[in-house]
Amino acid sequence: MKAITSSSKVRSKKTPAFNVQAFLDSAGVARKVVEYRRSEKIYSQGESATNVLYIQKGGIKLSVVNEVGKEAVVAMLGPGDFFGEGGMAGQLVRMGTATAITPATLLVIEKQEMIRVLHSEHAFSDRFVAYMLSRNIRIEQDLVDQLFNSSEKRLARTLLLLARYGQQDQPQKMVAKISQETLAEMIGTTRSRVNFFMNKFRKLGFIKYNGGLNIDASLLSVVLHE
């Protein structure tokens, strides 16, 4: 029993996570800080991919439009997220559009500067690679969710992700204002279905409207329910 207790204590000691923001503030990385209003476009599909962006504050929606003009929301991002990194992998133009869903503050880092920092600062490089791998896993999970889960489960999972459930020690209880139309685009259903399930979640106490949308962790039960 003593050996187990000792081992448990060792495992409970967490190694401090690499602080990306602190590094960007202190390492002399050439970048600029840009603020965006709610609903303002950061870049548009088809524009040159010349920089990488890091979210300090606010929320960002990534969307794509097909050849017949139909829009699909592919990601909702928040503080601590990178986006626009496709140019570093050979993309010459943006594959989608980035729009602020709340007032947002972004760090804009030119592509060549980002490449230089990744080569010279190993701790930052490790953190960035880990972030990109975790986001790829998230994309795979989104695809599985879209293929196999009901629209109710997809909506519940999307709301939990917007609250950054599992990404922080204490997920935020209130999420940025987001329309039911956008939620419908994200999960591949109709606005009327989203409205139906949102009302159901509210009656069950999973969500609340109180100057914004409050998400309770108990909403996870919808995702886990078979």
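Which listed residue (Phe197, Ile109, Ile42) has the Cα farthest towards the positive end of the charge dipole for the chain, taking +1 on Lys and Arg C-beta and -1 on Asp and Glu C-beta about the Cα centre?
Final value for the positive-end residue is Phe197.
Quick one: pull the percentage of alpha-carbon pairs in the chain with a separation above 33 Å.
Numbers: 6133 of 25425 pairs.
Of the Cα pairs, 24 percent sit more than 33 Å apart.
In debye, nearest 20, what is the charge dipole magnitude of the chain about its Cα centre with +1 on Lys and Arg Cβ and -1 on Asp and Glu Cβ, if you could check?
860 debye
To the nearest 20 Debye, how big is the dipole of the range 78-148 about its Cα centre, given +1 on the beta carbon of each Lys and Arg and -1 on that of each Asp and Glu?
Once rounded to the nearest 20, the dipole reads 120 debye.
Tell me the carbon and sulfur percent of the accessible area for the chain, rounded to whole percent, probe radius 1.4 Å. Could the numbers behind the result be given before it?
Working: 7380 of 13490 Å².
Whole-percent figure for carbon plus sulfur exposure: 55.
Expressed as a rounded percentage, what relative contact order does the chain have, with Cα pairs under 8 Å and six or more residues apart?
With pairs under 8 Å counted, the relative contact order is 19 percent.
Kindly state, to the nearest 0.05, the FRET efficiency for Asp126 paired with Gln56, given R0 = 30 Å and r defined as their beta-carbon distance.
Details: r = 21 Å, r/R0 = 0.70.
Step by step, r from the Cβ atoms, then E = 0.90.
Given the options Ala75, Asn210, Leu160, identify the residue whose Cα lies farthest towards the positive end of the charge dipole of the chain (+1 on Cβ of Lys, Arg; -1 on Cβ of Asp, Glu).
Farthest towards the positive end: Asn210.
Please identify the GluC sites (Glu not before Pro) of the range 92-197 that satisfy two criteria: DSSP loop assignment and at most 16 other Cβ atoms within 10 Å. Which are they?
Glu121
Take the alpha carbon atoms of the range 17-100, find their radius of gyration, then divide it by 2.2 N^0.38 Å using N residues; give the quotient.
For the range 17-100, the normalised Cα radius of gyration is 1.16.
Got the relative contact order for the range 71-198 handy, in percent, Cα pairs under 8 Å and 6 or more residues apart? Each step should come with its number before you reach the end.
On the way: 65 pairs, mean separation 35.8, N = 128.
Over the range 71-198, the number comes to 28 percent.
If R₀ is 35 angstrom, what is the calculated FRET efficiency for the pair Thr190 and Asn136, using the beta carbon separation as r and rounding to 0.05?
0.75
The values are calculated or read from the model by the stated rules, or taken from the named source; none is laboratory data. For clarity, every value in this text was computed on a predicted model and none was experimentally measured. Backbone-built Cβ (ideal geometry, glycine too); neighbour counts: all protein chains shown. To get the accessible areas, we keep the full protein, side chains included, count just its heavy atoms, and leave off ligands, DNA and RNA. Shrake-Rupley method; radii C 1.70, N 1.55, O 1.52, S 1.80 Å.
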